[in-house]
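Submitted below is the structure of interest, expressed as structure tokens.
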Amino acid sequence: MKFLHLAPVVLFLGLNVGMNAQAQMLVKLCYEDANYFPWQIKGAHGLDNNLLEMASARSGVKIEMLALPWKRCLSDVGYGTQAGVFAASYNADRAAYAAYPMIDDKLDASRRIRFDSYSLYRLKGNPVSWDGKQLTNLKKPVGVQLGYSASADLIKLGAAVDESSVVVELQMRKLVVGRVDLVALLTFEGDALLEKAEFSDKVEKLSPPLIEKPYFLIFNKDYYRNNKKLADDLWAAVASARESVEFKALRQAAMKKGPPAPSE
């Protein structure tokens with residue numbers, strides 16, 4: 001009869017092995033090696049990194065974060081070299097190789113990393129305009145950072161795009177010298193550039209924003225199929241950490257401190 005007493009112990013050990021296997025698996029995630037305060041800080045940790053670390057601690061899922069050029073990062077996820085990428089908005093090209101958090105076959109924005117928006121910027125005096133539905137008087141391309149999802153949104157509006165650089169300052173300089181009629185930039189970043197003397201007297205922002213959208217941690221589809229519980233646990237932990245008192249305090253402190261001084 002002794003084996004009857006061992007059964008619960010064996011069951012408990014089996015459950016423990018399953019839980020520990022998930023906790024010990026190292027999940028490789030990449031993100032863009034760029035400055036986008038406060039979310040990403042080149043050579044340091046931004047709020048996106050802080051959020052993923054908190055989600056890792058809450059879920060018990062070990063993660064490794066690697067900063068890469070954006071196009072390389074997306075390519076690595078497509079090929080499965082990296083398990084996932086953050087923070088990525090939705091577009092059809094990415095959805096072909098990446099899994100997003102879904103509910104009833106729709107994007108589940110409750111499990112986002114954050115919301116963000118793109119805005120359009122023009123030279124003062126340029127008649128090109130945006131009413132939230134259509135662009136008018138547009139004669140030249142719109143500058144967009146290489147690999148960014150705003151390009152697809154603009155193409156749907158009938159605009160030609162110029163994606164020749166990922167550097168935000170270079171996009172704005174193309175506007176100033178007349179190579180493009182507009183630039184589409186992440187709003188927080190574009191507004192920060194408007195405060196610089198190089199652009200403040202020459203460039204203005206159009207309203208309303210081009211688009212506002214949620215940004216997610218997304219996984220290679222094959223990886224997600226093979227590690228569904230792990231990915232779902234990490235998505236749930238991202239949502240929980242994002243709304244936590246601790247993360248809101250980190251965000252408030254970062255905004256109050258402001259971006260780090262540029263390195264010499």
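Where residues in the range 80-102 are in contact (Cβ under 8 Å) with a residue 40 or more places away in the chain and part of a helix (DSSP H, G or I), which of them is surrounded by the fewest Cβ atoms within 10 Å (Cβ to Cβ)?
A92
What are the residues in the range 1-54 that are of a type outside the set (G, A, S), at pLDDT 55 or above and part of a loop (DSSP other than H, G, I, E, B), if any?
If the condition is that a residue be of a type outside the set (G, A, S), at pLDDT 55 or above and part of a loop (DSSP other than H, G, I, E, B), then M25, D33, N35, F37, P38, W39, I41, K42, H45 are the ones that fit.
Which residue out of A237, A150, A192, A231 is under 20 Å from Q40 (Cα atoms) and touching a helix residue (DSSP H, G or I) at 6+ places or on another chain (Cβ under 8 Å)?
Sole residue among the options that is under 20 Å from Q40 (Cα atoms) and touching a helix residue (DSSP H, G or I) at 6+ places or on another chain (Cβ under 8 Å): A237.
If you don't mind, another one. Can you give me the number of residues within the range 164-178 that are in a loop (DSSP other than H, G, I, E, B) and either surrounded by fewer than 17 Cβ atoms within 10 Å (Cβ to Cβ) or in contact with a helix residue (DSSP H, G or I) (Cβ under 6 Å, 6 or more places away or on another chain) (or both)?
5
Let's see how each residue does on (1) over 25 Å from N137 (Cα atoms); (2) surrounded by 14 or more Cβ atoms within 10 Å (Cβ to Cβ); (3) out of contact with any Asp or Glu (no Cβ under 7 Å at 6 or more places or on another chain); (4) hydroxyl-bearing (S, T, Y):
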| position | (1), (2), (3), (4) |
| --- | --- |
| V180 | no, yes, no, no |
| G190 | no, yes, yes, no |
| P208 | no, no, yes, no |
| Y224 | yes, yes, yes, yes |
| A254 | yes, yes, yes, no |
| G258 | yes, no, yes, no |
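Going through A192, A237 one at a time, which residue ends up being in a helix (DSSP H, G or I), under 20 Å from the mean Cα position of the chain (by Cα) and under 25 Å from D108 (Cα atoms)?
So the residue among A192, A237 that is in a helix (DSSP H, G or I), under 20 Å from the mean Cα position of the chain (by Cα) and under 25 Å from D108 (Cα atoms) is A237.
Are any residues in the range 144-169 in contact with a Ser or Thr (Cβ under 8 Å, 6 or more places away or on another chain), closer than 24 Å to F37 by Cα and either in the same structural domain as Q40 (by TED's automatic domain parsing) or not charged (D, E, K, R) (or both), and if so, which ones?
Correct list: V144, Q145, L146, S149.
Each row is one residue, and each column tells you yes or no for (1) of a type in the set (K, R); (2) more than 30 Å from G132 (Cβ to Cβ).
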{"residue": "L170", "(1), (2)": "no, no"}
{"residue": "T187", "(1), (2)": "no, no"}
{"residue": "K229", "(1), (2)": "yes, yes"}
{"residue": "A249", "(1), (2)": "no, yes"}
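Of the residues A152, A254, A237, A197, which is under 25 Å from T81 (Cβ atoms) and at pLDDT below 95?
Step by step, each of A152, A254, A237, A197 is checked, and only A152 is under 25 Å from T81 (Cβ atoms) and at pLDDT below 95.
Test F216 against the criterion of being surrounded by 14 or more Cβ atoms within 10 Å (Cβ to Cβ), assigned to a helix (DSSP H, G or I) and among the aromatic types (F, W, Y), and give yes or no.
Considered against the rule, which asks whether it is surrounded by 14 or more Cβ atoms within 10 Å (Cβ to Cβ), assigned to a helix (DSSP H, G or I) and among the aromatic types (F, W, Y), F216 comes out as no.
While we're here: Whether any residue in the range 57-64 is buried (at least 19 other Cβ atoms within 10 Å of the Cβ), of a type outside the set (V, I, T), in contact with a Leu (Cβ under 7 Å, 6 or more places away or on another chain) and not in a strand (DSSP E or B) is what I want to check.
yes
The values are calculated or read from the model by the stated rules, or taken from the named source; none is laboratory data. Everything numeric in this text was worked out from a predicted model, so none of it was measured. Glycine also receives a Cβ, built like all others from the backbone with ideal geometry; neighbour counts cover every protein chain displayed.
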